[in-house]
1. Give the stretch 1-34 a look and list any residue that's assigned to a loop (DSSP other than H, G, I, E, B), of a type in the set (A, V, I, L, M) and without any contact (Cβ under 8 Å) to a residue 12 or more places away in the chain, or say none.
2. So which strands (runs of 3 or more DSSP E) are wholly in the stretch 35-148 and hold at least 3 residues that are free of Cβ contacts under 8 Å to residues at least 60 places away in the same chain?
3. Criterion first (open to solvent by 40 Å² or more (accessible area, probe 1.4 Å), modelled with pLDDT of 85 or more, out of contact with any helix residue (DSSP H, G or I) (no Cβ under 6 Å at 6 or more places or on another chain) and farther than 19 Å from GLU129 by Cβ) does ALA51 satisfy it?
4. Report yes if some residue within the stretch 65-79 is more than 24 Å from SER3 (Cα to Cα) and modelled with pLDDT under 85; otherwise report no.
5. Which residues, counting only those in the stretch 54-76, are touching a helix residue (DSSP H, G or I) at 6+ places or on another chain (Cβ under 7 Å) and either of a type in the set (A, V, I, L, M, F, W, C) or open to solvent by less than 60 Å² (accessible area, probe 1.4 Å) (or both)?
6. Among the residues of the stretch 35-52, what is the count of those that are touching a strand residue (DSSP E or B) at 6+ places or on another chain (Cβ under 7 Å) and either closer than 20 Å to GLU72 by Cβ or of a type outside the set (Val, Ile, Thr) (or both)?
7. For residues in the stretch 130-158 being over 24 Å from LYS88 (Cα atoms), at pLDDT 75 or above and of a type outside the set (Val, Ile, Thr), which is surrounded by the fewest Cβ atoms within 10 Å (Cβ to Cβ)?
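The values are calculated or read from the model by the stated rules, or taken from the named source; none is laboratory data. Since we're looking at a predicted model, the values are computed, not measured. Glycine also receives a Cβ, built like all others from the backbone with ideal geometry; neighbour counts cover every protein chain displayed. Please note that ligands, DNA and RNA were not included when accessible areas were found on the heavy atoms of the full protein model with its side chains. Shrake-Rupley method; radii C 1.70, N 1.55, O 1.52, S 1.80 Å.
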Amino acid sequence: MASLRIRFKLNPGRHGIALSKLSKQTENIEMFLRSLASDLGVQEGRELWIADKFGNGSVINRTELQAVVDAEKAHLWKECLSALVSAKGELSKAKLPYEISPSTLARFANLSDALDPDEEIGIALYDVETSRVRPFKKVGKLQLEAIGRSIETEAKYIGAVIGYVYEWNM
């Protein structure tokens, strides 16, 4: 059994963070993590994601699901996160694990909403076997926006037009 963990660094290299920006960013992070966990078939609730082990300076924390998951799902979690964090520019579905849904990609791209144009967010993954944290990888606003542009949206149509359509001229 394993746990799902990830480490975030918000506003790196700067002093403090605006509260409105902090609340928006943490909400986007939670929605992304919940979406990815749902894609992997991990049953979780809204109150099960917690942030702890805060660092000084920039907002650095560890975010963890307060539930035990299969080791196989934990490896898949790390693989999916690694693919997203390492993505440069626009993505194609062939470059990502098939478990990642378009809605999860959109949630990941939404992390750019609270970022300034020159700002980055640091994301560090944990090694599943040793539970040791790896170095932070920086993901910038432009990189996240490029990922957002690469998402293929799906349109669903419900209903139909029944009858005849006439043209009226005056």
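1. ALA18
2. 49-55, 59-65, 137-140
3. When the stated conditions are applied, ALA51 passes them.
4. no
5. VAL59, THR63, LEU65, ALA67
6. 7
7. Filtering the stretch 130-158 for residues that are over 24 Å from LYS88 (Cα atoms), at pLDDT 75 or above and of a type outside the set (Val, Ile, Thr), the one surrounded by the fewest Cβ atoms within 10 Å (Cβ to Cβ) comes out as ARG132.
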